[in-house]
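In what follows, a structure is listed as structure tokens, so that the remarks can point back to it.
Rule-based calculations on the coordinates, nothing more; no lab input. All figures in this text were calculated on a predicted structure; none of them were measured in a lab. When we count neighbours, we look across all protein chains shown, and the Cβ atoms used for this are built from the backbone with ideal geometry, even at glycine.
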Amino acid sequence: MWELYQSLEALPKKELITGALMDTSTQSVCSLGALAVHRNMSIPAEFCTTGAPDDEPDEFEFAQAMGPLFGLKDMLAREVMYINDDEGNTHYVDNGMAYGRLGEQYNPNRETRRETPAERWQRVRDWVVSELKGIP
């Protein structure tokens, strides 16, 4: 977790993508992609996207490969992927809070929007800090 925190902090652009380790068209990364960049790992092309529609890696193979690729336990790799890609990615327009977090309940009558890459970076960073029980 400490290395993931350092990886997120080292990103020049405090934004995270979803669905791939890296978007080769913009050089943007997800949280595990940030870890790969921090470690100077070469990211396999099959886990990258070019930004084109329907160009994301196969979800099942992607999830299975992340633990061994990063030397992490499978469940930790999957948890980081879940936090990055799925947790809190829809926000209510009127208050900006993601439903399901901080006591918000899903309400189909309220207008929602997708989370921005900058909001995703902040949310993932906050999660990592909470897992570390604060910054050492």
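Could you give the length gained on full extension between Lys73 and Gln27, defined as 0.36 nm per residue of separation minus the Cα-Cα distance, in nm?
Values: separation 46, 0.36 × 46 = 16.56 nm, distance 2.64 nm.
Gain in length upon complete extension: 13.9 nm.
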Run down the lysines and flag those whose C-alpha is under 21 Å from the C-alpha of Lys73, throwing out any fewer than 8 positions away in its chain.
Lys133
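How much length is gained if the chain between Glu59 and Asn107 is pulled fully straight, taking 0.36 nm per residue apart and subtracting their Cα-Cα distance, in nm to one decimal?
14.5 nm
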Within 10 Å, count the other beta carbons around each residue, average over each peptide in 3-11, 67-75, and list them highest first.
3-11, 67-75
